[in-house]
Amino acid sequence: MPDLGFLHTSHFYELTALLTLAAIVGFIGLLLRQPMIVSFIAVGVLAGPSALGIVQSHENIELLAKLGVAVLLFLVGLKLDLKLVKTLGVVSLATGLGQVFFTSSIGFFIGLALGLDTITSLYVAVALTFSSTIIIVKLLSDKKEADSLHGRIAIGFLIVQDLVVVLAMMVLSAFGIGAQASEESSAWIQIGSVLIYGVIMLAFVGLFIRYVATALVGRIAHSPELLITFAIGWAALLAALGSHFGFSQELGGLLAGVSLASTPFREAIVARLSSLRDFLLLFFFIALGSQLDLGLLGTQVFPALLFSLFVLIGNPLIVMAIMGYMGYRKRTGFLAGLTVAQISEFSLIFVAMGMTLGHVSAEALGLVTLVGLITIALSVYMITYSHTLYRWFEPFMGIFERRVPMRESVDDQYNLERKTYDVILFGLGRYGSAIAEHLRKDNVKLLAVDFNPDELRRWRAAGYDAVYGDACDQEFIGSLPLKLVKWVVSAMPQHDLGLTHEDPRLVLIDGLKREQYTGKIAVSTQHAHEKEALKTKGADLVFLPFHDAADRAVERMREVSS
């Protein structure tokens, strides 16, 4: 190991070394298409005493780590708009609670079978139920699937998981109070006092939401810099009050977020604080890594692999079984299920709290950290290449679908059998809708396809034919009335992965070829360099929306000038 003692002659040198290491490891993670949380955990382990031993200013790192957790939970609280919680669909609620129940139950017995004690097994089992909202939303957004049916269901049960996180931390705090009391009577007194303080704080937050929040934040929002300063200060203040009154800094930070969630400025706060959250969480993982002994982690490899297999395979199967029972197609259940094939940063925070309270040992934290590294790293690829995985496993998944999947009724398909169309258009976004409007004006018989239920309702309300579907669903493509169709047009939003075999446009072209479609195919792209590649793959016409619009604008200018 190199001698890095000179770094400890100054806190600034130490911080510089940590940030440099984070940048290097983060860049390697970026090349491997890994989310930053994986890189941050790796930085924490490398900077810890078992590797490079960079961390010496433990108090400073702990301070930044606590602020990072407070900001993280503040942002989670901002997403927990009470109005939004009330509108949670039955499927999101049932799937979220069902997954939490079955995952924690099975995980608990796996822990006991591995020789873990009851408390440690319980902690690990609960930690396995939390999935990373940050990672899943990022991946779904990159693939332009956040508005799809499976994307909406996944985001819905992530909200349910966030609520379970809150309840779990409340229970954990209550147990911590009892553990800190030396006598049973004093324990009950402390718990009672915390309950009273909790009611007072909830009442304060309720009054703040009702009478103060919107007006106050509206005035502050005139200065974006002040808005962010206020948000951080508010999160830190309520986190400090939560700690002072005995129900943890984490819950205080979350209440701070909830208190601002109903204001019209929450999205602006989330957007501006997300980068700061990621920066501060780096120090949480550095603090975490400084508590881990790599020698002890070696003894946790087999249990970590077993728990990881359960999370990577068992969690998606649980979601698929629940969604199949509720009447969803196996494809929807599979794509939604893959989103829970990892544990989250909350899992580590939860177990770290348990270690602070003396409920579990450092070995348990190391075990959950290893599970986090394995499942997050692998699930990124599982979600990224979800459609390919579905095509591989589709023949074996019939047990996860009812004979008639009533929540995704095929009434659209059997109505289509009696109709003929000139054009089938995939994608009803801004560009697709504009194309559709022009085609309708020319009396073209058009069928629109989209996986966003809101767009379909809007289009159908206008009296047009539209059907729910996904270009990556080969079964759906086979159900389309392609015989007399002259053009199939793809105006779908493009994900950020480039032209891979997961690209919906390429999957659509392959599906049409498989169905022996004889008409023309048109696709859109925002990147001129993809034009020839798309034509090689089978596109007859490639739209370049921005270039085409620019050409038309110049033509009109010339017409006016002449």
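The values are calculated or read from the model by the stated rules, or taken from the named source; none is laboratory data. Note that the structure is predicted; figures quoted are calculated from it, not measured. Positions of Cβ are generated from backbone atoms using ideal geometry, with glycine treated the same way; all protein chains shown enter the neighbour counts.
Residues are listed down the side, and each one gets a yes or a no for (1) in the same structural domain as Thr332 (by TED's automatic domain parsing); (2) outside any loop (DSSP other than H, G, I, E, B); (3) charged (D, E, K, R):
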| residue | (1), (2), (3) |
| --- | --- |
| Lys419 | no, no, yes |
| Ile435 | no, yes, no |
| Asn443 | no, no, no |
| Arg458 | no, yes, yes |
| Gly463 | no, no, no |
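Of the helices (runs of 4 or more DSSP H) lying entirely inside the range 261-365, those containing at least 1 residues that are surrounded by 22 or more Cβ atoms within 10 Å (Cβ to Cβ) are 266-290, 301-309, 315-325, 330-337, 345-356. Applying a threshold of 9 Å to beta carbon distances and a minimum spacing of six or more residues, or different chains, the list of pairs starting in the range 359-385 at a residue that is free of Cβ contacts under 8 Å to residues at least 40 places away in the same chain and ending at one that is crowded, with 19+ Cβ neighbours inside 10 Å and in a helix (DSSP H, G or I) is empty. Within the range 94-141, being more than 16 Å from Val164 (Cβ to Cβ), surrounded by 17 or more Cβ atoms within 10 Å (Cβ to Cβ) and at pLDDT 85 or above holds for Ile110, Gly111, Leu116, Thr120, Ser121. Within the range 369-423, being under 29 Å from Gly519 (Cβ atoms), of a type in the set (Val, Ile, Thr) and at pLDDT 80 or above holds for Thr388, Thr420, Val423.
Scanning the range 453-492 for residues that are crowded, with 21+ Cβ neighbours inside 10 Å and under 20 Å from Ser141 (Cα atoms) gives Gly469, Asp470, Ala471, Cys472, Asp473, Ser490, Ala491, Met492.
Residue check: is His501 surrounded by fewer than 16 Cβ atoms within 10 Å (Cβ to Cβ), outside any helix (DSSP H, G or I) and in contact with a helix residue (DSSP H, G or I) (Cβ under 7 Å, 6 or more places away or on another chain)? Criteria met by His501. Against the list (1) part of a helix (DSSP H, G or I); (2) more than 17 Å from the chain's Cα centre (by Cα), the condition Leu116 fails is (1).
Please state which one of Val85, Val91 is modelled with pLDDT under 80 and surrounded by 21 or more Cβ atoms within 10 Å (Cβ to Cβ).
Values: Val85 fails: surrounded by 21 or more Cβ atoms within 10 Å (Cβ to Cβ).
Unique residue meeting the criteria: Val91.
Could you say which residue among Ala522, Ala549, Ala539 is on the phi < 0 side of the Ramachandran plot, at pLDDT below 85 and among the hydrophobic types (A, V, I, L, M, F, W, C)?
Details: Ala522 fails: at pLDDT below 85; Ala539 fails: at pLDDT below 85.
Result: Ala549 is the single residue among Ala522, Ala549, Ala539 that is on the phi < 0 side of the Ramachandran plot, at pLDDT below 85 and among the hydrophobic types (A, V, I, L, M, F, W, C).
Here Trp234 passes the criteria (1) modelled with pLDDT of 80 or more; (2) not in a helix (DSSP H, G or I) except the one numbered (2).
Would you call Thr518 part of a loop (DSSP other than H, G, I, E, B), of a type in the set (S, T, N, Q) and closer than 27 Å to Arg391 by Cα?
Numbers: part of a loop (DSSP other than H, G, I, E, B): yes; of a type in the set (S, T, N, Q): yes; closer than 27 Å to Arg391 by Cα: yes.
When the stated conditions are applied, Thr518 passes them.
Identify all residues within the range 424-444 that are touching a helix residue (DSSP H, G or I) at 6+ places or on another chain (Cβ under 6 Å) and either modelled with pLDDT under 85 or within 28 Å of Arg329 (Cα to Cα) (or both); write none if there are none.
Of the residues in the range 424-444, the ones touching a helix residue (DSSP H, G or I) at 6+ places or on another chain (Cβ under 6 Å) are 425, 428, 431.
Within the range 424-444, Leu425, Leu428 meet the criteria.
If you take the residues in the range 5-62 that are of a type in the set (Phe, Trp, Tyr) and more than 16 Å from Leu280 (Cα to Cα), which one is surrounded by the most Cβ atoms within 10 Å (Cβ to Cβ)? The selected residue is Tyr13. Of all the numbered requirements in (1) surrounded by fewer than 21 Cβ atoms within 10 Å (Cβ to Cβ); (2) at pLDDT 75 or above; (3) out of contact with any His (no Cβ under 8 Å at 6 or more places or on another chain), Leu167 misses one, and that requirement is (2).
A quick yes/no check of all residues on (1) touching a Gly at 6+ places or on another chain (Cβ under 9 Å); (2) within 26 Å of Ala362 (Cα to Cα):
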| position | (1), (2) |
| --- | --- |
| Leu227 | no, no |
| Ala235 | yes, no |
| Gly252 | yes, yes |
| Ser262 | no, no |
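A Cβ distance below 6 Å, combined with a sequence gap of six or more or placement on separate chains, defines the contacts here; from the range 203-215, residues that are more than 14 Å from Leu78 (Cα to Cα) reach residues that are surrounded by 11 or more Cβ atoms within 10 Å (Cβ to Cβ) in the pairs Phe208/Ser259. Can you find, within the range 142-164, the residue that is modelled with the lowest pLDDT among those that are within 24 Å of Ala377 (Cβ to Cβ) and not in a helix (DSSP H, G or I)? The selected residue is Ala146.
State all residues of the range 30-40 that are within 18 Å of the chain's Cα centre (by Cα) and in a helix (DSSP H, G or I); if no residue qualifies, say none. First the steps, then the outcome.
Here is the first cut: in the range 30-40, the ones within 18 Å of the chain's Cα centre (by Cα) are 30, 33-40.
Residues satisfying the conditions are Leu30, Met36, Ile37, Val38, Ser39, Phe40.
Among the residues of the range 521-562 satisfying the criterion of being part of a loop (DSSP other than H, G, I, E, B) and over 35 Å from the mean Cα position of the chain (by Cα), which is surrounded by the most Cβ atoms within 10 Å (Cβ to Cβ)?
Taking the range 521-562 as the starting set, the residues that turn out to be part of a loop (DSSP other than H, G, I, E, B) are 525-527, 538-540, 544, 562.
Remaining after also requiring over 35 Å from the mean Cα position of the chain (by Cα): 540, 562.
Numbers: Asp540: 13, Ser562: 5.
Of everything passing the filter in the range 521-562, Asp540 is surrounded by the most Cβ atoms within 10 Å (Cβ to Cβ).
Out of curiosity, is Glu475 modelled with pLDDT of 85 or more and among the charged types (D, E, K, R)?
Considered against the rule, which asks whether it is modelled with pLDDT of 85 or more and among the charged types (D, E, K, R), Glu475 comes out as no.
Looking at this structure, is Gly469 among the small types (Gly, Ala, Ser) and under 24 Å from Leu335 (Cα atoms)? When the stated conditions are applied, Gly469 passes them.
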